[in-house]
Amino acid sequence: INGKKAGGCHFGYLSFEVDITDLIVKGENLLVVHAKLPTESARWYSGAGLYRNVRLITKPKSHITYNGVWIRQIYANDLNALFDISVTEKDARGFTAEITDPNGNITTYTTDDNLLSCPIENPILWDVNSPNLYTAKITLESGDTVTTRFGVRYCEFTKDGFFLNGRYLKMNGVCMHH
């Protein structure tokens, strides 16, 4: 930004965000995006270039940081599920989580902290044949919002194989690199 390095990422195929707030000047600014192929690399073809869109995003001073919403399933069964939602915020504390189930029913939770436990009664389970997803809309007091989707399921490996939601499931797969 304006001739000064703002940040970067040392590895390919990763999305990342750089906060350029402190490098912006009043008036016109110059933003340069540069992709560099290192001459020394352990890979036979290291590749180089921009593989995804580059975006300039404006956010309120109080906002959810990049990749700042994490939803972790604590447990689940046919009757109950429990999730922890953690939010990393800049210049804020506390958030509202609006959870919408696959049928459109909404439950709202609020906390003054950055961690929230959300119980779900009679969860609508995700399955390979019924990929039911919940939606979590996380909102700060500033109005900054992040929406993400997640599934509820339980699984285990036993000596008899893999079980998804209590049902035996034969897994098939492939290792495919673009």
With each label point set 7 Å from Cα along the Cα-Cβ vector, what nm distance links residue 172 and residue 61?
5.8
Within the under-12-Å Cβ sphere about residue 17, not counting residue 17, Lys/Arg +1 and Asp/Glu -1 give a net charge of +2
Quick check: pseudo-label points 7 Å beyond the Cα along Cα→Cβ at residue 19 and residue 82, how many nm apart are they?
3.3
Distance in Å, no decimals, from the C-alpha centre of the stretch 48-65 to the one of the stretch 104-144 is 25
Spelling out what I want: for every residue of the stretch 29-35, take phi, set θ = phi - 60°, compute 6.51 cos²θ - 1.76 cosθ + 1.60 (Karplus), and round to whole Hz; glycine and proline get x.
10, 10, 10, 10, 10, 10, 10
Rounded to the nearest 0.05, what FRET efficiency is calculated for residue 50 and residue 157 with R0 set to 41 Å and r the Cβ-Cβ distance?
0.55
Using mean Cβ contacts within 10 Å as the protection proxy, how do 105-113, 129-137 order, highest first?
129-137, 105-113
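Between residue 133 and residue 29, how high is the FRET efficiency from 1/(1 + (r/R0)^6) when r is the Cβ-Cβ distance and R₀ = 35 Å? Nearest 0.05.
For R0 = 35 Å, the calculated efficiency reads 0.30.
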Rolling a 1.4 angstrom probe over the protein chains, ignoring ligands and nucleic acids, what is the accessible area of residue 37 in square angstrom, nearest 10?
90
Rounded to whole Å², per residue accessible area for the chain with a 1.4 Å probe reads 77
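The values are calculated or read from the model by the stated rules, or taken from the named source; none is laboratory data. Computed from a prediction, not measured in an experiment: that's the story for all the values here. Glycine gets a Cβ as well: all are built from the backbone with ideal geometry, and neighbour counts include every protein chain shown. For the accessible areas, the whole protein counts, side chains as well, though only heavy atoms, and no ligand, DNA or RNA atoms are used. Shrake-Rupley method; radii C 1.70, N 1.55, O 1.52, S 1.80 Å.
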